[in-house]
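Chemist: One structure is given below, represented as structure tokens, and several questions about it will come after.
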Amino acid sequence: MIVTGWILSWWRTWRIRWTLLSASTVGSALCIAFGVRTYGRQVSWEDLRCSHAVECIDQHPVYWIMTGLISFVCCGVLLIVTTVAAAVTWFENRASTEPDTAA
């Protein structure tokens, strides 16, 4: 969703692109915070009669943390690409508007 929104935002103003990227980054950070916040303590296998320690841990918060981390990395990559693309566009526009002094 993040990449699709980012690609579609190139047909609109730059404010939409940066707003979507910022909102996605905040959403990613909230996913990580929610996962860390809901991550409980590890229960011993004697308490729950689990055969392995991994089975005694609720895996639900791990999915929130992984989703947030993957989204955060995706936003970071798109931030770099957006900054480079904006710089290239700015330099191209600047070069096309400068008067030709070679003559």
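The values are calculated or read from the model by the stated rules, or taken from the named source; none is laboratory data. Treat the numbers as computed from the prediction; the structure is a model and nothing was measured. Heads up, the Cβs are rebuilt from the backbone with ideal geometry, glycines too, and the neighbour counts pull from every protein chain shown. These area figures cover heavy atoms from the full protein model, side chains too; ligands, DNA and RNA do not enter into them. Shrake-Rupley method; radii C 1.70, N 1.55, O 1.52, S 1.80 Å.
Chemist: Scan the stretch 52-96 residue by residue and report those that are in a helix (DSSP H, G or I) and at pLDDT below 75.
Modeler: Filtering the stretch 52-96 down to residues in a helix (DSSP H, G or I) leaves 54-56, 60-96.
Selection gives V54, E55, C56, H60.
Chemist: If you don't mind, there's one more thing I want to ask. Looking at (1) over 26 Å from G5 (Cα atoms); (2) open to solvent by 100 Å² or more (accessible area, probe 1.4 Å); (3) modelled with pLDDT of 65 or more, which is the one condition that is false for R41?
Modeler: R41 satisfies all of (1) over 26 Å from G5 (Cα atoms); (2) open to solvent by 100 Å² or more (accessible area, probe 1.4 Å); (3) modelled with pLDDT of 65 or more except (3).
Chemist: Just to verify a result, which residue in the stretch 61-77, among those that are in contact with a helix residue (DSSP H, G or I) (Cβ under 9 Å, 6 or more places away or on another chain) and farther than 14 Å from T38 by Cβ, is least open to solvent (accessible area, probe 1.4 Å)?
Modeler: If we filter the stretch 61-77 for residues that are in contact with a helix residue (DSSP H, G or I) (Cβ under 9 Å, 6 or more places away or on another chain), which is where we start, we get 61-76.
If we keep only those that are farther than 14 Å from T38 by Cβ as well, we get 69-76.
Details: L69: 81, I70: 110, S71: 28, F72: 102, V73: 95, C74: 38, C75: 3, G76: 30 Å².
Checking each candidate, the answer is C75.
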